[in-house]
Amino acid sequence: MSHAPGSLRRALTWTHLGPSLRTGLWVVALFGAGLWLARHYATPIHEVLDAHARLGVVVFVASAAVAVLLPMLTNLPLLPFAVLAWGPGWSALLLLAGWIIGAALAFSLGRGARDAVLRHFPSVQRHADIDRLIHPRHRLVSLVLLRMTFPVDVLSYALGLFSRHTTLADNLLSTAIGAAPFALLFAWFPTLSATVQAIVFIVSALAFVLYAAWIVHPPA
């Protein structure tokens, strides 16, 4: 069964978006705490990371991957420390690498559990048909847009469980493209002045609120 984009948006309410909003606020709070610590304890943090450079890289990439596998976790508070040690460019690449690894694992876990889930709950496929959101002739573009709209963890599990046509390669490529701007934004954010950080935060928050309002109350 196909659904028009407008009907999909009209089915959403602020109540549906509530968990995402609360999660976003929690992530922002933790990220802010990481910024404060990195700014006030830059020297000792830099010394520790210099002394354990390889271990730091492994922990940072692994924590990014685990944060995708376990949606209640986030490694963004570690990002300001990573920027101190390796600069924004390398930090963005390492963060993106962790997200790609986590997305691959989440997709594989979802695909591995697919048969068992559908066997015990056959109606789930009908109610969670994510393929209706993916244009058949523009699959990569659709997946990238979904990746930029939904959290990496939730989408990877959903694609693995419910998308009949999405492959692991599709998931990896769309993650690499769709998540890259966010990795760059998060990595360069700690290098900005406090004033610019405040402006970026306000503009981003306003854009998100307008986007959420457009989804909940689409134009006729």
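A few comments on the model shown:
- D (Stokes-Einstein, µm²/s), Kirkwood Cα radius, the range 74-206, 0.692 mPa s at 37 °C: 204
- Packing, as the average of other Cβ atoms within 10 Å across residues, places the peptides 111-117, 142-148, 194-200 in the order 142-148, 111-117, 194-200, highest first.
- Modelled FRET efficiency - R0 25 Å, ARG137 with LEU93, Cβ distances, 0.05 increments: 0.20
- Measuring r between the beta carbons of LEU192 and LEU105 and using R0 = 35 Å, the FRET efficiency lands at 0.60.
- Label-to-label distance, nm, for residues given as VAL154 and LEU172 (7 Å Cα→Cβ offset): 2.6
- Were the residues from LEU206 through ARG54 laid out at 0.36 nm apart, the gain over their Cα-Cα distance would be 50.9 nm.
Readers should treat all values here as calculations from the given coordinates under stated rules, not as data from a laboratory. Keep in mind the model is a prediction, meaning the values are calculated, not measured. Note: ideal-geometry Cβ built from the backbone for every residue, glycine included; neighbour counts use all protein chains shown.
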